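Pasting in a structure now, in structure tokens, and then I'll have a few things to ask.
A short reminder: the numbers here are calculations on the coordinates, not readings from a lab. Note that the structure is predicted; figures quoted are calculated from it, not measured. Here the Cβ is made from the backbone with ideal geometry for all residues, glycine too, and neighbour counts use every protein chain on show.
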Amino acid sequence: MARTYHLRRTQYIDLPVEETFEFFADAGNLERITPEFLNFRIITPQPIDLHSGTLIDYRLQLYGVPLRWRTRIEEYEPNKRFIDVQLRGPYRLWRHTHEFTAEGNGTRMLDHVEYQLPLGVLGSVAHGVFVGRTLEKIFDYRRDRIAGLLGHTAPARKVPR
């Protein structure tokens, strides 16, 4: 059985929940907060109406290998959370929960990614060698871009597993 890994991040954004959620519910903004080294592009025609059941197709490159990725919005609760799951892509399992909670005059955003790699033991080795670090790098970049695009935000924290 494949091992399930977890990546959790929390970040305070100095905007009301409604404005913060609106930014993340616009699928086009995903390109804006994804590192350039992934050559990430949404290939589903935009604008995309995000709701439960929405399918989104992407193209990216990882270590020079071109990949296609398809996700489905599994759950969608406006101004609270949405969950995207991989239907096709590089992971055996990818389930990304985005949660938004009002905190003071702003928003506490939580990202929780549950993922599994293919290839059994080789996948575990790949996680230790580069996959885990690459995901950390991607989410560090996201934190910094979110801060730059949405104004002053408190630094994101890694949440203990």
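Among the listed residues Arg95, Arg8, which satisfies the condition of being touching a residue at least 40 places away in the same chain (Cβ under 8 Å), crowded, with 16+ Cβ neighbours inside 10 Å and among the basic types (Lys, Arg)?
Checking each option against the conditions leaves just Arg8.
Would you say Leu117 is farther than 19 Å from Leu38 by Cβ, in contact with a Ser or Thr (Cβ under 8 Å, 6 or more places away or on another chain), surrounded by 14 or more Cβ atoms within 10 Å (Cβ to Cβ) and touching a residue at least 60 places away in the same chain (Cβ under 8 Å)?
Numbers: farther than 19 Å from Leu38 by Cβ: no; in contact with a Ser or Thr (Cβ under 8 Å, 6 or more places away or on another chain): yes; surrounded by 14 or more Cβ atoms within 10 Å (Cβ to Cβ): yes; touching a residue at least 60 places away in the same chain (Cβ under 8 Å): yes.
Here the answer is no, as Leu117 does not meet what is asked.
Could you list, in sequence order, the residues of the range 45-58 that are touching a strand residue (DSSP E or B) at 6+ places or on another chain (Cβ under 6 Å) and exposed (fewer than 14 other Cβ atoms within 10 Å of the Cβ)?
Result: His51, Ser52, Leu55.
Next up: Yes or no: Pro118 touching a Lys or Arg at 6+ places or on another chain (Cβ under 6 Å) and outside any strand (DSSP E or B)?
Numbers: touching a Lys or Arg at 6+ places or on another chain (Cβ under 6 Å): yes; outside any strand (DSSP E or B): yes.
For Pro118, the condition - touching a Lys or Arg at 6+ places or on another chain (Cβ under 6 Å) and outside any strand (DSSP E or B) - is met.
Within the range 122-142, can one find any residue that is under 15 Å from the mean Cα position of the chain (by Cα) and closer than 17 Å to Asp26 by Cα?
Within the range 122-142 (the criterion being under 15 Å from the mean Cα position of the chain (by Cα) and closer than 17 Å to Asp26 by Cα), the answer is yes, since at least one residue qualifies.
Which of the residues belonging to the range 11-22 are surrounded by fewer than 16 Cβ atoms within 10 Å (Cβ to Cβ) and assigned to a helix (DSSP H, G or I)?
Correct list: Glu18, Glu19, Glu22.
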